[in-house]
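See below for the structure under consideration.
Every read-out reported here was derived from the displayed coordinates using simple, explicitly stated rules and does not represent laboratory data. Note that this is a predicted model, so its numbers are computed, not measured.
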Amino acid sequence: MSPSANLLTGKGYDFGTQGAHNIAKGGTHPHLIPQYNDQFQERKWRLEHAAGAFRVFARLGYSEGEAGHISIRDPVDPSTFFINPLGLHFAMIEAKDMVHVDEKGTILPDGNQAPINAAGFAIHSALQKARPDINAACHTHSVYGKAYSTFGRPLEMINQDACIFYNNQAVFKNFGGVAIEGDEGREIAEAAAGARTVILQNHGLLTMGSTVDEAAYLFTLMEKSCQVQLLANANVKEEKIIIPDDVAAYSAFVTNDPETMYASFQPEFGYQRRLDKDEFMWKEDKIEEK
């Protein structure tokens, strides 16, 4: 829902309406979220984009042993979700590799028959249950996210890109060790409240979205923003200039809606398809519709 038309910034900028149209000039934005009447086709699309997000994360160096996971809600049965199998490198994941699980952790027959990360299930099952507004979540043990998480505080509004997190980030401070217990996952979901990004103190970053593309873009941006914040903090001789609230709110409003966030990830997704020659996309002979 957009603010009233007379809501202006200190410079007189009108908030207007949200959407990818704010970024496109001279035509319709080339990357709009597709709409599906067939839930099985939408499932295939979500799985392909999840696999693509893993490949991007691998290229950006986010893998760390068996840690890290991306989940997507199943459009066929929204009480269930798909998540990556345990022990398969991000760079090797294909759409067909995703494991379909229910809220109890049962491996369902229409996905990959493989074990999953217990901590990943604890976190993602709690999020998928607590947040019906989101369809995907991303968490990895990325370098700068881990480093910045040690401070246990949100990112500051020190540049235009960081403004995407204005009033859209939370900090989970009650770290209790590897999150294999269901309580840890529920506590993280509660700490997130309505935010789509969470800094897990002494752990790393967690992002969510209505599409996996939105969640993945928010993750890549938050990781870079943590790097920038650490660099800025390292200069103890100069005082940082923080962006005023009205300007941060305006910047967030015109850039952090689900449609724009989805579109923002498409350059990386398209580049990954070119690099991998569509290796991670769904193979039609693997589709099983019941």
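Some values worked out for this structure:
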quantity: Calculated diffusion of the chain, Stokes-Einstein form, Kirkwood radius summed over Cα pairs, 4 °C and 1.567 mPa s, µm²/s; calculated: 66
quantity: Overall dimensions of the stretch 42-102 as given by Cα atoms, namely Rg and Dmax in Å; calculated: 11.1, 33
quantity: Cα-based convex hull, the stretch 104-150, per residue volume (Å³, whole number); calculated: 119
quantity: Aspartates and glutamates whose Cα lies under 19 Å from that of Lys25, excluding same-chain neighbours fewer than 8 positions away; calculated: Asp14, Asp257, Glu259
quantity: Rounded tilt (10° steps) of 212-234 against the dominant C-alpha axis of the chain; calculated: 50
quantity: Entries in Lys44/Lys96; Lys44/Lys283; Lys104/Lys129; Lys44/Lys146 that, when Cα-Cα distance is taken, lie over 21 Å; calculated: Lys44/Lys146
quantity: 222 nm mean residue ellipticity, helices alone, for the chain (DSSP H n ≥ 4; -39,500 (n - 2.57); rounded to 500); calculated: -12000 deg cm²/dmol
quantity: Per-residue HN-Hα couplings for the stretch 109-123 [Karplus 6.51, -1.76, 1.60; θ = phi - 60°; Hz; x = Gly/Pro]; calculated: x, 9, x, 4, 8, 8, x, 10, 6, 4, 5, x, 5, 4, 6
